[in-house]
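Student: Below you'll find the structure I mean.
Please treat every number below as a calculation from the coordinates, not as lab data. This structure is a prediction, so every number in the text was calculated from the model and none was measured. Every residue, glycine as well, gets a Cβ built from its backbone with ideal geometry; the counts of neighbours run over all protein chains shown.
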Amino acid sequence: MTALASGADPTRPVLEVRDACKRFGAVVALDGVTLDVAAGEVLALLGDNGAGKSTLIKAISGVHRLDSGSVTLDGTDITGATAMTVRAHGVETVYQDLALFDNLDPAANFFAGRELARPAWLPRGLRLMRHRAMGERTAELLDRLQVRLPDLDAVVALMSGGQRQAVAVARAVAFSSRLVILDEPTAALGLRESARVLDLVHRLKDNGVAVILISHSMDQVMAVADRALVLRRGRSVGQTVPTTENHRQLVSWIVGATDARAV
Amino acid sequence: MTEHGGEVLATAPEERRPPVAEAAVTPRSRGHRGLTVALAALRAGPPAILLVLIVVLSLLSDVFLSLENVGNVLKQSAVICVLALGQLLVVVTRGIDLSVGSNLSLSAVVGAIVWRDQGSATLAVSAALATGTLVGLINGLLYVKGRLPHPFIPTLAMLTAASGLALYLSHSETIQGVPPVVNEIGAGRIASIPGGGDVGWFPTAALVVLAVAVVMVLVTRGLVWGRWIYAVGGNPEAALRNGIPVHAVLISVYVACGFLAGVAALLTMGKGDAGSPTSGALAELDAIAAVIIGGASFLGGRGSVVNALTGALVIAVMRNGLNLLGIDPNWQYIATGAVIVVAVELDVARGYVERRFRSLQAVTAS
């Protein structure tokens, strides 16, 4: 499980991306982006459609390979690692499709592909599952993240959008995760459910997890993010602490107004 | 927990707190409860259909509930039951195996030939089971490694190929004679279970079905492999991302389905005391119908051992009942068609209620 908040050290970033460049044919998707995120920090990634946010998170999570530049996690170079290796290093990405198993309950979703089972000398597939242990671990984790579900035995298909999002996020941090990337986690949700998911982001932070949050809602970014980084046409055009005062500044960075580099 | 919650409270803006605290104590609304009941009723679909059939038939026919007739139904349904259990694994992974009937014929012919030529029961039984398993393995490899677009294609090809091979090997003739042990499991009755006089009423074949079903329940609920089958059916993409060996799982369900076609071949051989190259003809349709009546979804990820067995029993009971009532046997096929439609309509209704349930969750639980 993840370390608790006390260890959050802002001087030692969990993730460092240096001069990330990526082109798709003639299109330059990333043009020298540099960023870092510390443990217990929430970094908001802002930018218009096509600004390079998706390419950037896919490059971090190992889906895309960078043309040049580096990705470092806890001091280990993971540039060009496969998606599986990056996950093994504790980077989890929650995409908008959530990638849940609708036909399974939350515990089965959490442990899919890493079921608790014995005996260890048998091949993985032939081991007997430890249902109770998995159920208990799931209940513990949901409790720690203060995610309330009406019925832990119900399949995920029966849950609301917000509950499903919560299950997906909780699954992401279930296995000693260092960094969680959330791709527009509230895009499909109503107001109250959005608020609950943002609460959850706060709790990830309290648990010492580094978070990268992609969001189009400036209100949400101001509510949960410690820092906001704005991408535009594959470049990072500005970085600041999002507050009500510099709201306009952030917006002008996003849309590329003429005074974008003034601050 | 409260300490931890306090910390969070301090960092989070105030207006976000109440909903969370509320949600923990919100009792379920009346609408919620109504939908829960409706959902439970719809989920009971397949057993409910079976129950209605049994009640109606026992009212219409005096012999229907007699031990002798119950024994007959169990014996006649055994082959469909075993085939349906194999088909279930395949359907849960979003697949279909059209070749189980031909596979049954081929396995029966091979078993009977080995018995005729070698005279060894062990060899004959092993040969039948190995043939079924091998056919399943070829199906799985063609689909996964051969990258055929849908399991419909390789198993359709296997349907004709295995059937052709069975006819070729047997020179299109039924091969008489099977090992005594095969005859016993296919046609025998257990005299020690009281109620059937000296011969007994309870067919040995039903014990075989029971054994297969128990193993299947253990596998699907207890083993990691069973969980993977459902995970692959529910979301293949996510299964791959979570490190589940999707290809191996897919191949394995066709192998298991083939093995069970081999078991069904033994039951069929025993019943007819012969290996016939056409003994499994169209059996795949019964197996698929049983699984669908049992509430499994072609969209994958859903279906249970008990419900698949129930589906197979629905088909068998219906046939038996129409027989007892002296109705033209051709009506059986029409009735089977009707039950398939009813069962799937019930399932569609279940899906609708589940969506209602879900939107209600968003309102009450947030």
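Student: Within 10 Å of each Cβ in peptide B:224-234, how many partner chain Cβ atoms are there on average? Round it to a whole number, please.
Tutor: Per residue, the number of nearby Cβ atoms from other chains is 6 on average.
Student: Between region A:211-249 and region B:165-224, how many Å separate their Cα centres?
Tutor: For region A:211-249 versus region B:165-224, the Cα centre distance is 68 Å.
Student: Could you work out the mean count of beta carbons from other protein chains within 10 Å of each residue's beta carbon in A:143-149?
Tutor: Values: counts 2, 2, 1, 8, 2, 9, 3.
Across A:143-149, the average partner-chain Cβ count within 10 Å equals 4.
Student: For chain A, what D do you get in µm² per second when you plug the Kirkwood radius from alpha-carbon pairs into Stokes-Einstein at 25 °C and 0.890 mPa s?
Tutor: For the chosen part, D equals 128 µm²/s.
Student: Rounded, prolate or oblate: pick one for region B:37-184, where a ≥ b ≥ c are the square roots of the eigenvalues of its C-alpha gyration tensor, a/c under 1.5 means rounded, and failing that, prolate if a/b is larger than b/c, else oblate.
Tutor: Because a/c hits 1.5 or more and a/b fails to exceed b/c, region B:37-184 counts as oblate.
Student: Still on this structure: Ranking request for peptides A:45-56, A:161-172, B:320-331: highest mean number of other beta-carbon atoms within 10 Å first, then the rest in descending order.
Tutor: A:161-172, A:45-56, B:320-331
Student: I'd like to know which of A:T240, B:I113, A:V167 lies farthest towards the positive end of the charge dipole of the protein assembly as shown, counting +1 on Cβ of Lys and Arg and -1 on Cβ of Asp and Glu.
Tutor: Working it through, the farthest residue towards the positive pole turns out to be A:T240.
Student: Separate question: Arranged from highest to lowest average of other beta-carbon atoms within 10 Å per residue, in what order do the peptides B:221-231, B:164-174, A:90-100 appear? If you can, show how the numbers build up before the last one.
Tutor: Working: B:221-231: 22.5, B:164-174: 15.5, A:90-100: 19.6.
Ranking, from highest mean packing down: B:221-231, A:90-100, B:164-174.
Student: Considering only C-alpha atoms, what is the centroid distance from region A:15-33 to region B:297-364, in Å?
Tutor: Here the two parts' Cα centres lie 54 Å apart.
Student: What is the Cα centroid distance between region A:158-174 and region A:45-59, reported in whole angstrom?
Tutor: Taking the Cα centre of each part, region A:158-174 and region A:45-59 sit 23 Å apart.
Student: If you put +1 on each Lys and Arg Cβ and -1 on each Asp and Glu Cβ, how big is the dipole of chain A around its Cα centre, in Debye rounded to 20?
Tutor: It works out to roughly 520 debye.
Student: Identify, among A:G80, A:A133, A:F111, the residue whose Cα sits farthest towards the positive end of the charge dipole of region A:38-196, taking +1 on the Cβ of Lys and Arg and -1 on the Cβ of Asp and Glu, with the dipole about the Cα centre.
Tutor: Positive-end residue among those listed: A:A133.
Student: Here's another thing I want to ask about it. Quick query: amide H of A:A117 versus all other amide H atoms, modeled in the peptide plane; which residues come in under 5 Å with a sequence gap of 5 or more or a different chain?
Tutor: A:R130
Student: Only Lys, Arg, Asp and Glu count, each charged at its Cβ (+1, +1, -1, -1), so figure out the dipole size of chain B about its Cα centre, rounded to 20 debye.
Tutor: Working: 22 positive and 20 negative charges, 163 e Å.
Roughly 780 debye, rounded to the nearest 20.
Student: Taking chain B as the reference, fit the longest principal axis to its C-alpha atoms, fit the long axis of helix B:67-92 to the helix C-alpha atoms, and give the angle between the two in degrees, 0 to 90, nearest 10.
Tutor: Between helix and principal axis, roughly 60 degrees.
Student: Counting pairs of alpha carbon atoms under 8 Å apart in space and at least six apart in sequence, what relative contact order in percent does chain A give?
Tutor: It comes to 28 percent, rounded to a whole number.
Student: Which value, in debye to the nearest 20, describes the size of the charge dipole of the protein assembly as shown about its Cα centre when Lys and Arg Cβ atoms bear +1, Asp and Glu Cβ atoms bear -1, and nothing else is charged?
Tutor: On the way: 52 positive and 49 negative charges, 96 e Å.
Around 460 debye, computed over the protein assembly as shown.
Student: Related question: Counting only other chains, and only Cβ atoms inside 10 Å, what mean value do you get across the residues of A:200-211?
Tutor: Mean number of neighbouring Cβ atoms from other chains: 2.
Student: In percent, how large is the relative contact order of chain B, given Cα pairs closer than 8 Å and 6 or more residues apart? Each step should come with its number before you reach the end.
Tutor: Working: 611 pairs, mean separation 111.4, N = 366.
In percent, rounded to a whole number, it is 30.
Student: Take the Cα gyration tensor of region A:49-153, multiply each eigenvalue by 5, square-root it, and list the three semi-axes largest first, rounded to whole angstrom.
Tutor: Equivalent ellipsoid semi-axes, largest first: 31, 19, 13 Å.
Student: Taking the highest mean first, how do the peptides B:136-143, B:198-205, A:127-134 order by number of other beta carbon atoms within 10 angstrom per residue?
Tutor: B:136-143, B:198-205, A:127-134
Student: Right, next: Express as a percent, rounded to the nearest 5, the fraction of DSSP beta bridges in the protein assembly as shown (both residues included) that run antiparallel.
Tutor: Restricted to the protein assembly as shown, the bridges split so that about 60 percent are antiparallel.
Student: Still on this structure, please answer the following. I want to verify the translational diffusion coefficient of the protein assembly as shown in µm²/s; compute it with Stokes-Einstein, Rh as the Kirkwood radius over Cα pairs, at 20 °C and 1.002 mPa s.
Tutor: It diffuses with D of about 78 µm²/s by this estimate.
Student: Please report the Cα spread of region A:103-196 along all three principal axes, rounded to whole Å, starting with the longest.
Tutor: 49, 28, 22
Student: A further question follows. So what is the relative contact order of region B:122-201, in percent, for Cα pairs below 8 Å that sit 6 or more residues apart? Write down the numbers at each step before the final one.
Tutor: Working: 32 pairs, mean separation 12.6, N = 80.
Over region B:122-201, the number comes to 16 percent.
Student: Would you work out which of B:G233, B:A48, B:H150 lies farthest towards the positive end of the dipole of chain B? Charges go on Cβ: Lys and Arg +1, Asp and Glu -1.
Tutor: B:G233
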